[in-house]
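Have a look at the structure below before the remarks.
Every number here is computed from the coordinates shown, using simple stated rules; none is lab data. Here the structure is a predicted model, which is why all the values come from computation and not from measurement. No Cβ is skipped: glycine too gets one built from the backbone with ideal geometry, and neighbour counts run over all protein chains shown.
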Amino acid sequence: MIDWLYQVRQNIGKIVDAIDFYNDEILSAKKEVSLKGSVEKHASELPGIVETRFSQLQEIESILEFLNIEHRKMRSQKFKKFLEHYNKTLSSRDAEKYVDSEVDIVDMQHLINEFAVVRNKMQGIIKALDQKSYAISNLIRLRVAGFDDMSI
């Protein structure tokens, strides 16, 4: 398994590969959310699936935080440049507006937004797995109560 946090820290250009990887993982995770077939099989596989997907969510969160840190660092550098270059003739608010319109700052904001979408999709998968766990639990309780002829 690739450590995407390390890869992105070493080369921020790898973020595109990380987004593609996690989008592929989300597509395969959507198949794991379904509840068809043997309840026992789903119940036995669920802990491993949850662990894998939750670990991926944590890595996504870490990468997103790294991107936010880099964004703040870039903004700070640009802000200093504007204030030093214009010898304080710009107000702080004017400098902020100029900073926010810089191409690399805008590009970073777009990148953060795109990666936040990946995070939100993975959070959806985690919630769906939680619902699957709840459904399996209820199905097992029904089976224990004697409703053996149920099907999913």
Unit charges on C-beta of K, R, D, E only; dipole of region 1-144, Debye: 440 debye
Segment E65-D104, extension gain: residue separation times 0.36 nm, minus the distance between their alpha carbons: 12.2 nm
Highest-fluctuation residue, L111, L27, L57 considered, GNM on the chain with Cα pairs under 10 Å: L27
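Students often check this: by mean Cβ neighbours within 10 Å, which of 28-41, 121-134 ranks highest, and how do the rest follow? Numbers along the way, then the final one.
Working: 28-41: 12.4, 121-134: 15.6.
Answer by packing, highest mean first, reads 121-134, 28-41.
Based on DSSP H runs of at least 4 residues, each adding -39500 (n - 2.57), what is the mean residue ellipticity at 222 nm of the chain after dividing by all its residues, to the nearest 500 deg cm²/dmol?
Numbers: 5 runs with 123 residues, N = 152.
Value at 222 nm, helices only, nearest 500: -28500 deg cm²/dmol.
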Residue among Q109, Q77, Q56 with the largest mean-square fluctuation in a Gaussian network model of the chain, springs linking Cα atoms under 10 Å: Q77
Most mobile listed residue (R53, R75, R93) in the chain, GNM with C-alpha springs under 10 Å: R93
